[in-house]
Amino acid sequence: MRVGVVALQGDFPEHMYMLRRAAEELSMGVEVIPVKGPHHLRDLDALVLTGGESTTIGLLAKKAGLLEHLRDYLSSGVPALGTCAGAILMAKEVRDAVVGPTSQPILGVMDISVVRNAFGRQRDSFEADIDVEGIGRVRGIFIRAPAIAGVWGGAAPLAYAQHPRAGRVIVLAQQGPLIASAFHPELSSTDLHRHLLGLAKK
Ligand code: GLN
């Protein structure tokens, strides 16, 4: 099996490491491929969009001629996991908690609306135990994280967080084989990477 990790900016080394660990735990043979250009999007069984800075990743993807290809690839039914900035890129609607509407390049492949910086500034980053439907409890690490403000159409919430200021918000959503996470599973456990490999195996 071949799994690509978009490697333009952000924490792609952590995702590559966790995918290899998840594969080992599941006794699956997985080749992990850093995706830097459209030519890397061939014969992949799954794809990861990393955390980082969604504006930067979107602009770099555009510059690399990757944005349209990624959009087509994700629309073709390949399983994908987008974490934090990656989840922002996958959403059809994006706004920022402070500045409102953003005009950043996005992929727009999931029926979710996302609010960037929903929990405050960098110093308001936090950790919380998150109960994920069908998976169990995972440690959620939220770094200047977005919240999933709404889901519609084919998307469904998989997990919520209770936050002192933001209230109860969706932090994980799935639409068919696409998963958007507001937090960083690549920094805590292999659960979501194993879930992704399971979707790719189907
Ligand atoms: N705040 C970042 C953004 O809006 C996301 C942060 C992250 O990926 N940890 O893109």
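Grab the other residues whose beta carbon is less than 12 angstrom from that of Ala46, score K and R as +1, D and E as -1, and report the net. Local net charge: +1. Counting DSSP beta bridges in region 1-150, what percent are antiparallel, to the nearest 5? Antiparallel bridges make up about 45 percent of those DSSP assigns within region 1-150.
Look at the alpha carbon pairs under 8 Å that are at least 6 residues apart: their mean separation over the length of the chain gives a relative contact order of 20 percent. Both radii were evaluated on the Cα set of the chain; the Rg over Rh quotient, with Rh as the Kirkwood radius, amounts to 0.93.
Measuring nothing but protein heavy atoms, the accessible surface of the chain at 1.4 Å probe radius is 50 percent carbon and sulfur.
Volume of the convex hull of region 21-81 (Cα atoms only), normalised per residue: 93 Å³. Among the GluC sites (Glu not before Pro) in region 112-202, those located in a DSSP loop and surrounded by at most 15 other Cβ atoms within 10 Å of their own Cβ are Glu133.
Annotation for region 88-165 versus region 1-72: alpha-carbon center distance of 20 Å. With both labels modelled 7 Å from their Cα along Cα-to-Cβ, the Arg121 to Lys92 distance reads 3.5 nm. Per residue, the accessible area of region 84-155 comes to 46 Å², computed with a 1.4 Å probe over protein heavy atoms only. Taking a ≥ b ≥ c as the square roots of the Cα gyration tensor eigenvalues, region 77-176 comes out oblate, since a/c reaches at least 1.5 and a/b does not exceed b/c.
At an R0 of 25 angstrom, the distance between the Cβ atoms of Trp152 and Ser75 translates into a FRET efficiency of 0.90.
Database remark: amide H of Tyr160 closer than 5 angstrom to the amide H of Asp131, Val171 (H placed geometrically; neighbours at sequence offset of 5 or more, or on other chains; Pro and chain starts carry no H). Remark: the Cα gyration tensor places region 109-160 in the oblate category, a/c being 1.5 or greater and a/b not exceeding b/c. Here's the picture: a label point sits 7 Å out from the Cα of Arg137 along the beta-carbon direction, and within region 149-167 the residues with their amide nitrogen under 20 Å of it are 158-164.
Met18: net charge of surrounding residues, Cβ under 11 Å, Lys/Arg +1, Asp/Glu -1, itself excluded? Spelling it out: positives minus negatives among the neighbours equals -3.
Using the 1.4 Å probe convention, the accessible area of region 1-40 works out to 48 Å² per residue with neighbouring protein chains retained.
Amide H to amide H distances under 5 Å link Glu31 with Arg2, Val3, where only residues 5 or more positions off or on other chains count and H is placed in the peptide plane. Close amide-amide hydrogen proximity is noted between Val114 and Glu93, Val94, Arg95, Ala149, each under 5 Å apart and 5 or more residues distant or on a separate chain (H modeled in the peptide plane; Pro and chain starts excluded).
The values are calculated or read from the model by the stated rules, or taken from the named source; none is laboratory data. Every value quoted in this text rests on a predicted model; they were computed, and no experiment measured them. Methodologically, a virtual Cβ is constructed for each residue, glycine included, from the backbone with ideal geometry; neighbour enumeration extends over all protein chains shown. SASA here: full protein model, heavy atoms, side chains in, ligands and nucleic acids out. Shrake-Rupley method; radii C 1.70, N 1.55, O 1.52, S 1.80 Å.
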